[in-house]
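Q: Structure incoming, see below.
Coordinate-derived values only; no laboratory data. Quick caveat, the model's predicted, so the values are computed rather than measured. Cβ atoms come from the backbone with ideal geometry, glycine included; neighbour counts cover every protein chain shown.
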Amino acid sequence: VDTDMLAANAVTDAKQNLSGVAKAWCSFNGEPSEAINNSFNISSFVDNGVGDFTFNFSNAMSSVNYCVATSSSRNNNSPLDCLSWSAVANKTTGGFTINVGQTNSVFSLACEASNNAEYVDFAVFGD
């Protein structure tokens, strides 16, 4: 019997069932190549196009009434860097879509979809 595996799975199950804790989270690299850096309860993602990503849960949520807190940014350390933001759409019990947008490099009001956010992070709360 692999006791390390059993212990790891027991902790994971307890985390999944505690009230008020994140039911899923992810640190995602949106550029230069899309990849999950680290995650909990995220099985995979799909690159749907520029700035449009669908994330799938390993263990489904009980309803679509969950909350997704998101953050997106670049790693440029420039005062003229793009302002980026992310929005959640298409929630299902199996996953959701994040759309990442940004202004241009001089903070104009023009918005466009972009996968230029190097860091896309999120946490999911709910049942």
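Q: Which net charge results when you count Lys and Arg as +1 and Asp and Glu as -1 among the other residues whose beta-carbon is under 13 Å from that of Phe122?
A: Counting the neighbours of Phe122, the net charge comes to +1.
Q: In whole Hz, with x marking every Gly and Pro, tabulate ³J(HN,Hα) for the range 51-68 from phi via Karplus 6.51 cos²θ - 1.76 cosθ + 1.60, θ = phi - 60°.
A: Rounded to whole hertz, the list is x, 10, 10, 10, 10, 10, 7, 6, 10, 4, 6, 7, 7, 8, 8, 9, 10, 10.
Q: Continuing with this model, one more query. Starting at the first residue of the range 33-46, write each ³J(HN,Hα) from the Karplus equation 6.51 cos²θ - 1.76 cosθ + 1.60 with θ = phi - 60°, in whole Hz, x for Gly and Pro.
A: Residue by residue, the range 33-46 yields 10, 5, 6, 7, 7, 6, 6, 9, 6, 10, 8, 5, 9, 10 Hz.
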